[in-house]
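Encoded as structure tokens, the structure appears first; notes follow it.
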Amino acid sequence: EDLGDYSAAGKWADSHFDLYNQKELPNLYSLAHHYALFVNFMADGEVTAQGHQWVDGASDSDVVQRLWPEYYSNRGLLWNAGPGGSASLMPQAPGAHNPYHYYEKLGDFTNPWISYPQRLYLFNNLLQNQVSFEDFGEDTTRARDGVIRSALKSHVAKIYPSWDRLILDTDRAKLAIDWLKKHPGAKFPHFVYIWLPDDHTAGLAPCYYTPDYFVANNDYATAKFIHYLSTTPEWKHMVVFLTEDDAQSGADHINAHRTLALAMGPWVKKATLETHLYSQVNIVKTIEATLGLPPMSQWDASAAVLSGVWTDHPDFAPTPSVLPIRMPVAFNMGKCTDHLLLRREAGATGHILTPAWLKAHTDAHGRHLAPVVQKNAYTPTSLLKVSGPEQLKQEWIAS
């Protein structure tokens with residue numbers, strides 16, 4: 001879907017399944033061309049419920065494996081919403097529209113701790129083995145009372161907004177870069193995990209950014225963050241892995257589990273197309289081998305370290321220049337509630353809709369200081385100007 005028309009991939013790409021290309025993903029194409037692209041790379045799970053656990057812990061739990069089909073079929077059973085179990089069984093519980101829920105205390109009732117894999121996640125492994133790290137956006141494990149223990153919590157970036165479709169990845173990347181700039185030298189963590197979720201999009205949900213813009217914003221933010229890393233002194237000892245938590249059965253001519261993965265850094269071979277069969281567990285295994293961590297499951301214990309992409313002649317030059325976003329800011333057609341419009345306006349500057357934000361944007365008479373103008377929105381008229389294939393593409397994403 002993302003690299004379907006990437007000609008350098010040869011038989012591993014098929015333009016018939018291409019959803020996004022160099023128009024939305026100029027930086028992904030540039031990085032894939034410059035570094036190592038794994039073209040036979042698989043997600044170990046089927047959907048998000050499993051995917052985050054496989055990427056973070058090299059396995060998924062029995063509870064998640066049993067319950068995710070019921071949850072995804074809207075039959076009401078709860079799976080672990082990411083490693084932290086931050087979803088709630090109660091409507092409008094604390095945390096609704098709160099992208100910082102992954103950091104805050106949850107109640108016993110909202111914390112399905114039984115859904116963690118037996119040996120937990122990379123973050124726990126790093127902590128136990130005294131390897132410094134920082135987590136930008138990913139859920140972590142909690143005790144049964146729903147609290148993240150202080151030793152682990154000190155490595156979670158509380159300023160970083162996690163899941164919220166109206167905060168853009170460009171703001172997330174900036175926050176992460178600013179944090180790293182404040183922690184140079186010995187304070188720079190040995191392991192950095194960052195979640196940039198905008199490529200998930202919001203489908204055609206009214207009032208949200210269009211899928212094309214979400215993906216383009218994610219592409220720019222990802223490249224911006226990686227480029228910053230390549231300008232630090234730590235770059236000479238660094239490797240960056242880029243992948244997704246799952247393929248979600250996306251259209252593919254080889255396997256519905258196939259997804260993208262890149263390796264980038266001075267010690268990575270340039271312009272490499274790696275065709276060996278690998279999966280997310282191989283990335284976890286490589287991280288463990290690099291940092292001296294023990295395995296967390298039978299899967300990473302028996303997995304191979306990624307090979308075929310390394311060089312003995314490093315190139316310490318920074319990554320290619322970041323290419324600008326080529327897609328215009330645009331919103332999906334449909335009726336927007338006042339609440340959603342306010343959330344979107346707050347999110348456009350990296351904020352969430354709080355009483356403090358609302359007060360700062362309201363005059364003495366209770367009028368909103370900056371009326372929300374819905375620019376570039378899809379409307380029934382503008383939709384007529386969208387080509388047939390584009391309409392089919394958007395409908396496919398929404399479904």
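The values are calculated or read from the model by the stated rules, or taken from the named source; none is laboratory data. Remember, it's a predicted structure, so these values are computed and weren't measured experimentally. A quick note on method: Cβ atoms are made from the backbone with ideal geometry, for glycine too, and the neighbour counts reach across all protein chains shown.
Within region 193-211, if we keep just the residues that are within 16 Å of GLY250 (Cβ to Cβ) and more than 14 Å from the chain's Cα centre (by Cα), the residue that is modelled with the highest pLDDT turns out to be PRO211. Restricted to region 335-368, and to residues there that are more than 12 Å from ILE167 (Cα to Cα) and of a type in the set (Val, Ile, Thr), the residue that is modelled with the lowest pLDDT is THR362.
In region 115-143, of all residues being in contact with a Ser or Thr (Cβ under 7 Å, 6 or more places away or on another chain) and of a type in the set (Gly, Ala, Ser), the one that is farthest from THR170 (Cα to Cα) corresponds to SER115. The set of residues from region 35-69 being in contact (Cβ under 8 Å) with a residue 60 or more places away in the chain, touching a Pro at 6+ places or on another chain (Cβ under 7 Å) and either surrounded by fewer than 18 Cβ atoms within 10 Å (Cβ to Cβ) or among the acidic types (Asp, Glu) (or both) comprises just one member, ASP56.
Looking at GLY4, GLY84, GLY76 in this structure, which one is of a type in the set (Gly, Ala, Ser), closer than 30 Å to PRO318 by Cβ and either part of a helix (DSSP H, G or I) or at pLDDT below 90 (or both)?
Values: GLY84 fails: closer than 30 Å to PRO318 by Cβ; GLY76 fails: closer than 30 Å to PRO318 by Cβ.
Only one candidate qualifies: GLY4.
Part of a helix (DSSP H, G or I), modelled with pLDDT of 95 or more, over 19 Å from PHE136 (Cβ atoms) and among the aliphatic types (A, V, I, L, M) - does that describe any residue in region 228-248? Outline the logic, then answer.
Of all residues in region 228-248, those part of a helix (DSSP H, G or I) come to 228-230, 233-237.
Narrowing the set further to residues that are modelled with pLDDT of 95 or more leaves 228-230, 233-237.
Still in the running and over 19 Å from PHE136 (Cβ atoms): 233, 236-237.
Narrowing further to those that are among the aliphatic types (A, V, I, L, M): none.
Checking region 228-248: not a single residue is part of a helix (DSSP H, G or I), modelled with pLDDT of 95 or more, over 19 Å from PHE136 (Cβ atoms) and among the aliphatic types (A, V, I, L, M).
Within region 7-28, restricting attention to residues that are part of a helix (DSSP H, G or I) and surrounded by 23 or more Cβ atoms within 10 Å (Cβ to Cβ), the residue that is modelled with the lowest pLDDT is LEU28.
Of all the listed residues (LEU126, LEU122, LEU175), the sole one being farther than 17 Å from HIS52 by Cβ and in contact with a strand residue (DSSP E or B) (Cβ under 9 Å, 6 or more places away or on another chain) is LEU175. Across region 319-357, the qualifying residues are those that are among the small types (Gly, Ala, Ser) and farther than 17 Å from ASP169 by Cα, and the one among them that is farthest from the chain's Cα centre (by Cα) is ALA356.
Of all residues in region 288-297, those satisfying the criterion of being under 17 Å from HIS237 (Cβ atoms), surrounded by fewer than 21 Cβ atoms within 10 Å (Cβ to Cβ) and touching a residue at least 24 places away in the same chain (Cβ under 8 Å) are THR290, LEU291, GLY292, LEU293.
If you go through region 168-187 one residue at a time, how many are assigned to a loop (DSSP other than H, G, I, E, B) and surrounded by 16 or more Cβ atoms within 10 Å (Cβ to Cβ)? Total satisfying the criteria: 1. Selection of first residues in region 299-324 that are touching a residue at least 24 places away in the same chain (Cβ under 8 Å) and of a type outside the set (Lys, Arg) and of second residues that are surrounded by fewer than 13 Cβ atoms within 10 Å (Cβ to Cβ) and part of a loop (DSSP other than H, G, I, E, B), restricted to Cβ pairs under 6 Å at least 6 apart or on distinct chains, gives the following pairs, ordered by first then second residue: PRO318/THR231.
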